[in-house]
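Contents: one structure, followed by commentary.
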Amino acid sequence: ARIYEVIRKSECLNAFITLRKQEDVEKELRSVVERASRGDNLPLAGVLVAVKDNIVTKGLRTTCASRMLEEFIPPYNATVVERLVRAGAVILGKTNMDEFAMGSTSELSAYGPVGNPWCPSRVPGGSSGGSAVAAAIGAGGVALGSDTGGSIRLPAAWSGVYGLKPTYGLVSRYGLVAYADSLEQIGPLARHPRDIAMVMEVIAGFDERDSTTLRIGGWRELPSRPVRPRIAILRDLLEHPGVDERVAKVVEKMVYRLSESLGWDIGEVKLGSEILDLALPAYYVIAMSEASSNLARYTGILYGPPGRKIVDNVPWTRWFSEVRKLFGWEVKRRIFMGAFALSAGYRDALYEKALIIRRRVKDAVLRVLKNWDAVVLPSCVSPPPRKGEAIGDPLRMYALDLANVIANLAGVPALAVPAGTVDGLPVGAQLISQPLNDRLLVELAIEIE
Ligand code: GLN
């Protein structure tokens, strides 16, 4: 009841697209608690989870914040949802986001923009903005988001919470509505890093339904933190013209605080300005290419609105164009650009070149991570913009992802942690590390907190 009260009070933030009925949630909570008291093994008994609306939930509407899926009721649970529910967690509802996870501010939703929990006239970051808000206001112990190019970490930074983009392949994507498969991972957002670990213990590990998952039994198999961690600042990103100096200062201060108060070894590394400048365009070419292919399924036949809702007895071509009108403008832009990047005559100049750059970024990132337990960089390039400020110009919006896409291109784990404030607004740092060091990162964050 208390949590529903909190959600009602924060209604103006528009964090949920679908909230489950209070009586249903309470009933399920009672039954879980009873089972736990009978001795059933339910490590998450009674934990409420807010789930991003691009992760399918059996019998619970999943819209991807799109008109296209307004009436979509999935017949099955995503693996992560299944594992959480089996561990005793209760799904609270589905959170608002940018349509099909394409965006950085959570304004591009067919169900209206999300507000920042610290200052509602500003954006909370995206695309998992609703999940970040749910975690920040305490609506549910934890939230699930997805991160293709920063969508967990940017909203975590701007909402003042923790958010983990796991190593690629550590968490099953079965039941995550695909945007750009080769880049994205599902991960948790929470107010405390311990809660991030609690969720990862349940959702991480091999899933036979997702052939890209790694043969890892679970979270406990992953390396633990060393006694005296060695961390390095990513110097050239902090000095990059795309990063607000005030944010860079907050991140740097945080790192030096760690060395003073915890005695950690601190150093500095550089990726090279060429790598930093190439990462963002390569990311967008790859993400849009994969998106144009993934979104081809919305034809109104298997997915999309039932054909009868469009028009009866119309030729296929017209039907198709009527159905596709239901996408928002940013989604359409990406389908066009992605189809262009993949088309004959342009493919080698755009898509294939982007893959070559991706390889170079990955090699450079792994090289930099080699001698350190973690490398620290900002998880946002500026404080949260006002609503409407960033979405007018797509290039400006894409530039918000500068610090975040690196980890996705390289497939490495990245944990966003609150770092301080600029003008009273939250900004974040992130710790990145070698593949499968996810647990190590969360343990470092537990000590930082
Ligand atoms: N803002 C980036 C994009 O629009 C990242 C989105 C995401 O991580 N889902 O592609």
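Nothing in this text is a laboratory measurement; each read-out follows from the coordinates by a stated rule. The structure presented is a predicted model; accordingly, all values stated were derived computationally and were not measured. We place every Cβ from the backbone using ideal geometry, glycine too, and count neighbours over all the protein chains shown.
Some observations on this one:
- Considering only beta bridges that DSSP places wholly inside the chain, some 65 percent are antiparallel.
- Each stretch of four or more DSSP H residues adds -39500 (n - 2.57); spread over every residue of the chain, this sum gives -11500 deg cm²/dmol at 222 nm.
- The Cα atoms of the chain define a convex hull whose projected area, averaged across directions, is 21.4 nm².
- Proximal lysine pairs, segment 265-377, alpha carbons under 18 Å, eight or more residues apart or interchain: 5
- Backbone N under 17 Å from the residue 58 label point (7 Å along Cα→Cβ), restricted to segment 175-208: 175-176, 208
- 5 angstrom amide H check on residue 422, placed H, neighbours 5+ away: 427
- Derived scalar couplings ³J(HN,Hα) [segment 424-431; Karplus, 6.51 cos²θ - 1.76 cosθ + 1.60; whole Hz; x for Gly, Pro]: x, 10, x, 9, x, 10, 9, 9
- Under 9 Å, Cβ to Cβ, from residue 383 - net charge with Lys/Arg +1 and Asp/Glu -1: 0
- Applying both filters, DSSP loop and at most 11 other Cβ atoms within 10 Å, to the trypsin sites (Lys or Arg not before Pro) of segment 1-109 gives 21, 38.
- Cross-link partners of residue 27 among lysines, defined as those whose alpha carbon lies under 19 angstrom from its own and excluding same-chain residues fewer than eight positions apart: 58, 94.
- DSSP-loop trypsin sites (Lys or Arg not before Pro) across segment 345-449, with at most 15 other Cβ within 10 angstrom: 347, 370
- Three-way shape label, segment 2-221, alpha-carbon gyration tensor, a/c 1.5: rounded
- Cα gyration tensor, segment 1-98 - rounded (a/c under 1.5), prolate or oblate: oblate
- Seen through its C-alpha gyration tensor, with square-root eigenvalues sorted a ≥ b ≥ c, segment 292-386 comes out prolate because a/c lies at 1.5 or above while a/b is bigger than b/c.
- Residue-span extension gain [residue 12 to residue 34] - 0.36 nm each, minus C-alpha spacing: 4.4 nm
- Dipole magnitude of segment 308-385 about its Cα centre (Cβ charges: Lys, Arg +1; Asp, Glu -1), debye to nearest 20: 100
- Of the residues 182, 69, 202, the one whose Cα sits farthest towards the positive end of the charge dipole of segment 2-221 is 202 (charges of +1 on Lys and Arg Cβ, -1 on Asp and Glu Cβ, taken about the Cα centre).
- Taking amide H atoms as placed 1.01 Å from N in the peptide plane, the amide H of residue 216 lies under 5 Å from those of 206, each 5 or more residues away in sequence or on another chain.
- The 3J(HN,Hα) values that the Karplus relation (6.51, -1.76, 1.60; θ = phi - 60°) gives for segment 288-295 are, in residue order, 5, 4, 5, 5, 5, 6, 5, 7 Hz. Gly and Pro appear as x.
- If you take the Cα centroid of segment 179-253 and the Cα centroid of segment 38-97, the two points sit 22 Å apart.
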